[in-house]
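Inspection log for the structure reproduced underneath, given as structure tokens.
All of the numbers you see were taken from the coordinates with simple rules; none came from a lab. What you see is a predicted model, and the numbers here were worked out from it, not measured in a lab. Glycine gets a Cβ as well: all are built from the backbone with ideal geometry, and neighbour counts include every protein chain shown.
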Amino acid sequence: MANLEELVTEINRFEAIISHWDESQRSVAVGFKRAIEDLHKEALTRLIKSVKQESLPALQNAVKDEIVYAVLLYHELVKPPQQPLLQRVQAALEIVRTGLQSHNGDVELVALKPPDTVEIRLIGTCSNCPSSTLTLSQGIEQTIKEYCPEITKIIAVK
């Protein structure tokens with residue numbers, strides 16, 4: 001039985017071969033691949049609907065198989081794994097932190113209150129800057145909401 005790594009290696013081998021073909025040959029191969037993928041996606045979509053109605057646990061069990069999961073993920077029939085909320089909030093703050101630090105300021109995560117609230121504190125020069133409201137709404141809030149759409153309330157605390 002093949003594993004995911006072996007199957008991906010085989011696909012990559014064929015893609016490397018095709019990459020050396022001329023444009024018209026490549027477009028035929030790509031069109032052929034797309035047609036097969038469209039057929040598979042439609043078949044998988046119908047299969048999922050059918051199995052979901054009959055036995056949701058069976059479907060959940062099938063998705064635990066790495067190859068089944070990889071194919072469903074490729075066809076966008078399952079959601080990709082998501083980092084925990086805390087990690088995503090921290091990643092968002094790291095993005096804005098660089099700009100704030102260039103002005104001798106920073107931001108600190110005070111509290112994460114699932115499902116929808118984050119408390120932060122502006123520190124350094126950002127804490128009493130006249131533009132801090134703009135920094136909060138246009139920079140920090142926007143970035144947190146981009147990384148964590150479930151967060152709807154960002155509260156600045158002193």
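The table below gives the values:
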{"quantity": "Relative contact order %, the chain, counting alpha carbon pairs below 8 Å whose residues are six or more apart", "calculated": "16"}
{"quantity": "Amide H contacts under 5 Å for Val78, placed H, 5+ residues apart", "calculated": "Leu73"}
{"quantity": "Fraction of antiparallel bridges per DSSP, the chain only, in percent to nearest 5", "calculated": "65"}
{"quantity": "Kirkwood Rh in Å, taken over all unlike Cα pairs in the stretch 1-41", "calculated": "11.3"}
{"quantity": "Separation of the Ile67 and Lys49 label points, Cα + 7 Å toward Cβ, nm", "calculated": "2.7"}
{"quantity": "MRE, 222 nm, helices only [DSSP H, n ≥ 4, -39500 (n - 2.57), over the chain, to nearest 500]", "calculated": "-18000 deg cm²/dmol"}
{"quantity": "Hits among lysines - C-alpha to C-alpha of Lys158 under 25 Å, sequence gap 8 or more where chains match", "calculated": "Lys113, Lys145"}
{"quantity": "D_trans [Stokes-Einstein, Kirkwood Rh over alpha-carbon pairs] for the stretch 1-110, 37 °C, 0.692 mPa s, µm² s⁻¹", "calculated": "181"}
{"quantity": "Coarse-grained scattering of the stretch 45-158 at q = 0.15 Å⁻¹, given as base-10 log I(q)/I(0) from a Debye sum over alpha-carbon atoms", "calculated": "-0.70"}
{"quantity": "Karplus 3J(HN,Hα) series, Hz, for the stretch 92-108 with 6.51 cos²θ - 1.76 cosθ + 1.60 (x for Gly, Pro)", "calculated": "5, 5, 4, 4, 7, 4, 4, x, 5, 5, 5, 10, 6, x, 6, 9, 10"}
{"quantity": "Estimated vicinal HN-Hα couplings, Hz - the stretch 11-27 in sequence order (Karplus 6.51, -1.76, 1.60; Gly, Pro = x)", "calculated": "4, 4, 4, 5, 4, 5, 5, 5, 4, 8, 6, 6, 4, 5, 5, 4, 5"}
{"quantity": "Over the stretch 49-90: Rg over Rh, Cα atoms, Kirkwood Rh", "calculated": "1.11"}
{"quantity": "Principal axis box of the stretch 77-141, alpha-carbon based, largest edge first, Å", "calculated": "46, 22, 16"}
{"quantity": "Per-pair calculated FRET efficiency, R0 = 22 Å: Tyr74 and Val30 via Cβ, rounded to 0.05", "calculated": "0.90"}
{"quantity": "Whole-Hz ³J(HN,Hα) from phi, Karplus 6.51 cos²θ - 1.76 cosθ + 1.60, for the stretch 112-118, glycine and proline x", "calculated": "10, 10, x, x, 9, 10, 10"}
{"quantity": "Under 5 Å, built H, 5+ apart or other chain: amide partners of Ala156", "calculated": "Ile120"}
